[in-house]
1. How are the alpha carbon pair distances in the range 36-162 distributed across 10 Å bins from zero to the largest one, expressed in percent?
2. R0 = 35 Å: FRET efficiency of Asp70 with Gln91, Cβ-based, nearest 0.05?
3. Would you mind classifying the range 1-75 by shape? Square roots of the alpha carbon gyration tensor eigenvalues, ordered a ≥ b ≥ c; an a/c under 1.5 is rounded, otherwise it is prolate if a/b is larger than b/c and oblate if not.
4. Can you work out the FRET efficiency for the pair Thr236 and Leu317, with r the C-beta to C-beta distance and R0 = 30 Å, to the nearest 0.05?
5. Taking amide H positions as placed 1.01 Å from N in the peptide plane, with prolines and chain starts having none, which residues 5 or more places from Ala80, or on another chain, fall under 5 Å of its amide H?
6. Keeping all protein chains in place, calculate the accessible area per residue for the chain (probe 1.4 angstrom), answer in Å².
7. Averaging over all projection directions, find the projected area of the Cα convex hull of the range 156-292 and quote it in nm² with one decimal place.
8. Amide H to amide H under 5 Å from Gly219: which residues, 5+ apart in sequence or cross-chain, H placed 1.01 Å off N in plane?
Amino acid sequence: MKKRALITGITGQDGSYLAEFLLGKGYEVFGLVRRSSTINYERIRHIQDQINLISGDILDQTSMTRAISDVRPQEVYNLAAQSFVQTSWTQPVFTGDVTGLSVTRVLDAIRTVDPAIRFYQASSSEMFGKVQEVPQREETPFYPRSPYGVAKVYGHWITVNYRESYNMHATSGILFNHESPRRGIEFVTRKISYHVAKIKMGLANELRIGNLDAQRDWGFAGDYVQAMWLMLQQDTPEDFVVATGQTHSVERLLNVAFGSVDLDWKQYTVQDERFMRPAEVDLLVGDPSKAKKILGWEPQVSFEQLIQMMVEADIRLLKTEHNL
């Protein structure tokens, strides 16, 4: 009998890659989607006939309990969130509810229906914020620097709380920045790859960007979803940092992206105060040694390969859109 998995946030970047991965493992995959006038199935359109989409909302306790009761999955992956840090400053209460409090709704629905269901919570490197040590490990103290980071800390600790209080197989993956051609255009990596493609094709002449000195540990989302699955296959639930262990500045990202199409980023990039955060997170770099040792997980796609992949994908996208 096939294993069943329920993914919240299945229409997002991570949800789409995870759905693909689980289908490859022979799972029956269910995705929770909200009733909305602007549902975007673009990331899962190529597998939509292989997955089961069910209506529900992580903001509504009743619908979460009903969804889990109807599906009866062996595994639940909670990837749904207001996931853009910049937006969390303008929508702090909403971010706290959907990114933080909703984790409790999902956990309590599992506890009510079947506490043996295994649960994965998408924690974030943004929880480390004003970093207390470099690199960041599972034991590094949290010091979030945005409403998004604060909400993720709540989701992380409530997962630990349910694990310890109800003996649930509840695990958090502390994922560092992970990108792909499916990343939303508002995120800096995709913003850069998209604008590089537009500039290369003569559709734009400049890119406006914020802090060039911020440093991140960037990996490929397709690699990171495998780590999520591996966590739920362990006998004992534990939290894991998932990262490449390498850090790169936004300036380095610009250099690689523009360089992949033989352009000089300095000729096209303009720093713009509008894209600066009220409180910046300067240096994030994870220590994935625990994931490597226990899960046997290592990233397969390098930073340079990732950025080139994204630029090439955006060039193809723009060619299709503009019939070029």
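1. 12, 37, 34, 15, 1
2. Working: r = 30 Å, r/R0 = 0.87.
Efficiency for this residue pair is about 0.70.
3. Values: a/c = 2.11, a/b = 1.10, b/c = 1.92.
Oblate, since a/c reaches 1.5 and b/c is not below a/b.
4. Values: r = 43 Å, r/R0 = 1.43.
My answer for the efficiency is 0.10.
5. Residues meeting the criterion, in which the H sits 1.01 Å from N, are Thr8, Gly9.
6. Working: 14380 Å² over 324 residues.
Spelled out: the 1.4 Å probe surface of the chain, per residue, equals 44 Å².
7. Numbers: hull surface 39.1 nm².
Average projection, Cα convex hull of the range 156-292: 9.8 nm².
8. Counting only residues 5 or more places away or on other chains, the set is His178, Glu179.
The values are calculated or read from the model by the stated rules, or taken from the named source; none is laboratory data. Just so it is clear, the structure is predicted and the values come from calculations on it, not from any experiment. In this analysis, Cβ positions are derived from the backbone assuming ideal geometry, glycine residues included, and neighbour counts consider all displayed protein chains. For the accessible areas, the whole protein counts, side chains as well, though only heavy atoms, and no ligand, DNA or RNA atoms are used. Shrake-Rupley method; radii C 1.70, N 1.55, O 1.52, S 1.80 Å.
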